[in-house]
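Read the structure below first, then the notes.
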Protein chains: 2
Amino acid sequence: MKVYSFGEEPSVPLDTVFMKEAYKEALLAYEADEVPIGAVIVANGKIIGRGHNLTERLNDVTAHAEMQAFTAASNYIGAKYLHNCTLYVTIEPCVMCAGAAYWTQISKIVFGAFDEKRGYHSLNGNIVHPKTEIVSGVMEKECAELMRNFFLNKRISKT
Amino acid sequence: MKVYSFGEEPSVPLDTVFMKEAYKEALLAYEADEVPIGAVIVANGKIIGRGHNLTERLNDVTAHAEMQAFTAASNYIGAKYLHNCTLYVTIEPCVMCAGAAYWTQISKIVFGAFDEKRGYHSLNGNIVHPKTEIVSGVMEKECAELMRNFFLNKRISKT
């Protein structure tokens, strides 16, 4: 085992720490046979909202991970604006979720993998609020792989 | 009182009948000091979902009239797709709600007045599903006037 001296420990970027939490949410969706997307919302280094995709279980297209995380975070802080908050989500938000993010005026969105088909960038990158900072590619490989596995299994189970 | 003989009665277009129901929902929002937008969803001539804007009361930007109506209608029919359904909404949907409408694959959207600032057309008219028929301008004057009155009163109460 390598022994590090003080201040020399390899650090994990904060974005990765929280994306791992979003990924855990995505795993919950995967286990529930839902498209595996997960999200958390962070304020001052604390998770204040979580969500994973539940559209099948709830028969509700609005039950995306981000939408539930927005509602949970707003409920937690008692305000509809998510200033000074960051959304971590495993896959690029769709138009609906990006539109919701606009209304929250959330400060930052960090997502894992791009969604080439239904991600909001494919339509218009300006859907989110102009003050919202966007970071992409955090744990991109893992987030994308979880999606690929899910749809691969779906195709196999159909044959 | 004018007496009509059979078959001569003036008919009210069906879209107006249901838009009046959406307008009633908008009035509920108005009375609750919410931006006055209301919606209903209709299938086979029957209302299967209702909603009015509750973003302030719930501290939740996702609580738009349409979103609640989508959830209610899906819950009613036990399915997430709203094929053969029509959304009636007093004001043009925003990007979030149009994005949700895409996922529902709803057959038709009828709205009252355009929202020049935040309506989805201002960004991209193709957000909704390609199979969704769009009708605008039903009770346009009344729907727009309700919004104008609301914001006028807001400005007056601030001075």
- Note on the structure: homo-copy label distances at A:K141 (7 angstrom along Cα-Cβ), nm, one dp, ascending, are 6.5
- Note, ³J(HN,Hα) from phi for the stretch A:45-59, Karplus 6.51, -1.76, 1.60, rounded to Hz, x at Gly and Pro: x, 10, 6, 10, x, 9, x, 9, 4, 9, 5, 6, 5, 8, 6
- Query: What percent does the relative contact order of chain B come to when contacts are Cα pairs within less than 8 Å and at least six residues apart?
  - Reply: 19 percent
- Message: Going by Cα centres, the stretch B:77-126 and the stretch A:131-157 are how many Å apart?
- Response: 28 Å
- Using a label position 7 Å from Cα in the Cα→Cβ direction, what is the ascending list of nm distances from B:K117 to the same site in the other copies? 3.6
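Indicate, rounded to the nearest 5 percent, the antiparallel portion of the DSSP beta bridges found entirely in the protein assembly as shown. Walk me through the numbers before you get to the answer.
Values: 24 of 42 bridges.
Within the protein assembly as shown, antiparallel bridges account for around 55 percent of the total.
Which whole DSSP H helices in chain A pass both tests: a Cα extent of 15 Å or more along the axis and a mean Kyte-Doolittle value no lower than -0.5?
Numbers: long enough: A:14-31 (26 Å, 0.03); A:65-77 (18 Å, 0.24); A:140-158 (27 Å, -0.79).
Span-like helices here: A:14-31, A:65-77.
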- Message: Taking a ≥ b ≥ c as the square roots of the Cα gyration tensor eigenvalues, with a/c under 1.5 meaning rounded and otherwise prolate when a/b beats b/c, else oblate, which class fits chain B?
- Response: oblate
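Go through A:K117/B:K108; A:K80/B:K141; A:K80/B:K154; A:K108/A:K154; A:K108/A:K141 and tell me which ones have a Cα-Cα distance over 28 Å in this structure. Before the final figure, lay out the partial values.
Details: A:K117/B:K108 23 Å; A:K80/B:K141 30 Å; A:K80/B:K154 19 Å; A:K108/A:K154 33 Å; A:K108/A:K141 21 Å.
From A:K117/B:K108; A:K80/B:K141; A:K80/B:K154; A:K108/A:K154; A:K108/A:K141, over 28 Å: A:K80/B:K141; A:K108/A:K154.
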- Message: Run lengths n ≥ 4 of DSSP H only: what is the helix-derived mean residue ellipticity at 222 nm for the protein assembly as shown, with -39500 (n - 2.57) per run over all residues, to the nearest 500?
- Response: -12500 deg cm²/dmol
- Query: Nearest-5 percent of antiparallel DSSP beta bridges in chain B?
  - Reply: 55 percent
- Under a 10 Å cutoff between Cα atoms, tell me which one of B:S74, B:S136, B:S122 has the largest fluctuation in the Gaussian network model of chain B. B:S122
- From the label point of B:A32, set 7 Å along Cα to the beta carbon, how far off in nm is each other copy's matching point, shortest first? 2.5
- Message: Given the options B:L146, B:Q105, B:N126, identify the residue whose Cα lies farthest towards the positive end of the charge dipole of the stretch B:95-159 (+1 on Cβ of Lys, Arg; -1 on Cβ of Asp, Glu).
- Response: B:L146
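Just so you know, all these numbers are worked out from the coordinates, no wet-lab data involved. Keep in mind it's a predicted model, so treat the numbers as computed, not measured. When we count neighbours, we look across all protein chains shown, and the Cβ atoms used for this are built from the backbone with ideal geometry, even at glycine.
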